[in-house]
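Report on the following structure.
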Amino acid sequence: MISELRRRAYLSAMQVASWLPRVELPFAAPSRPELMAPPEPVSAPAPTVAEAPGAAVKVTEQAPPQPSAKVETPSAPQGHSSAMAQVRAQIETPKNTPAQRQAVPADTAEAGQESPAQVSAAAPPRFTLQLLRAGACSVLVELPNGEPLQGRDPAYLLLKDLLRAAGLPDTPQAIGEPVRWPLLVRGQMDQGPQAALDFVQAFVATRLEQQAPCSCLWLVGLPAMRFAGDVDSDYYNRELQIEGLGAAWALPGLELLMEEPERKRELWQAMRRIRQRWMSLANE
């Protein structure tokens, strides 16, 4: 925008005696009262600002725009033609009303807001599971460090104690490679929780079919419970019946048992009730 002094110089060069801008100009002198008389009422409805869905836009009432004063201007000298064109374009160019300027950020925020489907799309779960065989039972155990259990690992020693207390061999045999999720496959493959559930259940079912009949499947750790039994921590120390996998038993993870030893008492009480399932098969 130009200053008031330069604006008056341009108007004088164009021999414009009186004029009225369509919008308020910054740094401009106040308008004369006689030019601010209210116009005659117009029957045409005033334009309204369309509100974006979901966005509350407060539109303030405004007086209808004042008509521009029509002044007959004689032809200006040729040297001032470019200045006159710039001033006319600046005066006649409509500006956004305050309501319209207020509506722009609301529309932008509405367009940039993520949809519920995008918000719910979470990162793929991350876990590592190992399927073991111990006598008449199979054990799907969460690997705390993401690597196979070693002979001197505290988690492996705790697992051996649990198997020994259950009357099962304390040297379980690994069945296949650990299941690491998300898979290394990239591209269009789904890596979400439902895909992980389908994959783990199919993996365990295939491996169990290749082994001797299994009387009970241990699900050790929350990832094993979620993605093989489709249950949460509310099912700790409880029996399950999983379609395609048969009878199962949900246990807390090995790290959780080491961090909270008081959980071992409840686990032992549940084991005394459930162990008859595989002990009867071993005595036959």
If a residue has to be of a type in the set (S, T, N, Q), over 14 Å from GLU243 (Cα atoms) and surrounded by 11 or more Cβ atoms within 10 Å (Cβ to Cβ) to count, how many in segment 197-214 make the cut?
1
Mind checking which residues of segment 149-158 are assigned to a loop (DSSP other than H, G, I, E, B) and surrounded by 13 or more Cβ atoms within 10 Å (Cβ to Cβ)?
LEU149, ASP153
Going by the conditions given, is ASP161 surrounded by 12 or more Cβ atoms within 10 Å (Cβ to Cβ), closer than 23 Å to GLN276 by Cα, out of contact with any strand residue (DSSP E or B) (no Cβ under 7 Å at 6 or more places or on another chain) and acidic (Asp, Glu)?
yes
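So, restricting to strands (runs of 3 or more DSSP E) that lie completely within segment 162-243, which ones have at least 1 residues that are among the basic types (Lys, Arg)?
On the way: elements: 179-181, 216-220, 239-242.
Those strands (runs of 3 or more DSSP E) span 179-181.
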Selection within segment 9-29 - at pLDDT 70 or above, loosely packed, with under 13 Cβ neighbours inside 10 Å and of a type outside the set (A, V, I, L, M, F, W, C):
SER12, SER18, GLU24
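The values are calculated or read from the model by the stated rules, or taken from the named source; none is laboratory data. This is a predicted model, so every value here is computed, not measured. Virtual Cβ from ideal backbone geometry, glycine too; neighbours counted across all protein chains shown.
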